[in-house]
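Below is one structure, written out as structure tokens; comments come after it.
The values are calculated or read from the model by the stated rules, or taken from the named source; none is laboratory data. The model shown is predicted, which means the values in this text are computed figures rather than measured ones. Methodologically, a virtual Cβ is constructed for each residue, glycine included, from the backbone with ideal geometry; neighbour enumeration extends over all protein chains shown. Calculation scope for accessible area: heavy atoms of the full protein, side chains included, ligands and nucleic acids excluded. Shrake-Rupley method; radii C 1.70, N 1.55, O 1.52, S 1.80 Å.
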Amino acid sequence: MRILAGISGFWRALAHSARTGGKPVSLPRNCCVYAAILTCLSIPKVSAGDSIPLSDSQQKFVNELAAKSRSAESNGAAVIPGADGWFFLSSDIRFLSVGQFWGADAAKVSRAHKPESADPIPAIVDFHDQLKRRGIELLLMPVPPKAAIYPEKIVPDVDLHGETAAPFLARFYDELRKREIDVVDLAPVFLQNRASEHGPVFCKTDSHWSGFGCVLAAQTIKEKIREKLAGQPRKDYAAEWKEITIKGDLGDLAGPNTKKLEPEKIAVRTISDKETGVAINPDSKSPLLIIGDSHTLVFHDFLAEKSGLLDQLAYETGFAPDLIGTRGSGATSVRVSLYRRARKDPDYLAKKKVIVWCFAAREFTESDQGWDKVPVGQ
């Protein structure tokens, strides 16, 4: 545990440098995974019945996840093996097991270094309000935990009978909507398409959504912004499905006692300019901006090319979005990056009409930076 605490301190220092050093720091692609995992705090036992009534099946599932999370914590395990070759981040499992994570309960379960930064709601509402005053709409799109979409792959003997595997997350979204936050909940579309000709919506051996999951996310966003950006000039892009082989990041984190993971084959949809065949680049003048963690970069910047969220949105909408992505936390640091961009270019935000904020849902409790309020611009 002493070793893990030292590693945690290293990542905290690195995250602080990225937030305050003037220029964003280039970090390894799976550093956000390490930062979420290697903070050695005790895992509280969930008291689900005190805040949200759970069915017997849901309570059993939460209890099983809590037990797996505590075992992983005691063994310093970053990854929890599941069934049929599936692997899960221990931080994802912890997030699903801690119970209510906002309001008065936030500081009890959050990994945030500062208790005052534990509750995500004030920072999200403040960000929304700042954007609204500038005439910019915010779409909050957290990526569901893999275990919430494929619960049988982590706890095979629990049958949820069609009930949600993430009841606290669903209730949290209700709390945000009461505060006029437009939440894009991907869980329904992911559950509806979790078994398709293009494969699962998550990678089995990686912490990110699959190429197909990325496409579904882009199609969901398109339906949300269709009318808001109806007057934007369109162009044609070419799309082609193909199979690629990836080395999932969970293999690197699984530890020496886990059998070496084989490369995983997944389907991705590559997008390119129909006339030239070249890749799509972020457009700083675009009215649509994507910000967030490595889910905004995967298949565009690493693991594959021409197949990320930016590429899929360009194909679905007919124009290239802008992008501010980080390979670290998508909670606070990416909003700091947005602020720096707006400070450097005072007219930058005037070009934006919609901002999609995309990050792993586990950030609500697992971000050691926490949820600070950050100015959008000057």
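Just to confirm the filter: which GluC sites (Glu not before Pro) across region 90-198 are DSSP coil and have at most 11 other Cβ within 10 angstrom of their Cβ?
Numbers: sites: Glu116, Glu137, Glu152, Glu163, Glu175, Glu180, Glu197; in loops: Glu163, Glu180, Glu197.
Those that pass, being in a loop and sparsely packed, are Glu180, Glu197.
For region 223-291, which GluC sites (Glu not before Pro) are both in a DSSP coil and crowded by at most 14 other Cβ atoms within 10 Å?
Glu227, Glu275
With respect to the cross-link table entries Lys204/Lys260; Lys224/Lys306; Lys153/Lys222; Lys132/Lys178, which display a Cα-Cα separation exceeding 19 Å?
From Lys204/Lys260; Lys224/Lys306; Lys153/Lys222; Lys132/Lys178, over 19 Å: Lys224/Lys306; Lys153/Lys222.
Express the carbon and sulfur contribution to the solvent-accessible surface of the chain as a percent, rounded to the nearest whole number, probe 1.4 angstrom.
Its accessible area is 48 percent carbon and sulfur atoms.
Rolling a 1.4 Å sphere over the protein heavy atoms, what is the accessible area per residue of region 166-244, to the nearest Å²? Write down the numbers at each step before the final one.
Numbers: 3820 Å² over 79 residues.
With the other protein chains kept in place, region 166-244 gives 48 Å² per residue.
Around Phe202, what is the net charge, scoring Lys/Arg as +1 and Asp/Glu as -1 over all other residues with Cβ under 9 Å from its Cβ?
Its environment carries a net charge of +2.
Would you pull out the residues with amide H under 5 Å of Asp182's amide H, same chain only if 5 or more places away, H placed 1.01 Å from N?
Under 5 Å from the amide H of Asp182 lie the amide H atoms of Leu140, each far enough along the sequence or on another chain.
Please report, ordered by residue number, every helix of the chain (full DSSP H runs) that is 15 Å or longer along its axis going by C-alpha atoms and whose mean Kyte-Doolittle hydropathy reaches -1.0. Can you show the working numbers first?
Values: long enough: 2-20 (27 Å, 0.31); 56-74 (27 Å, -1.07); 120-133 (20 Å, -0.26); 167-178 (17 Å, -0.65); 211-225 (21 Å, 0.64); 333-344 (17 Å, -0.90).
Helix filter hits for the chain: 2-20, 120-133, 167-178, 211-225, 333-344.
Whole number in Å², please: accessible area per residue of region 300-378, 1.4 Å probe, ligands, DNA and RNA not counted.
Numbers: 2390 Å² over 79 residues.
Heavy-atom accessible area per residue stands at 30 Å².
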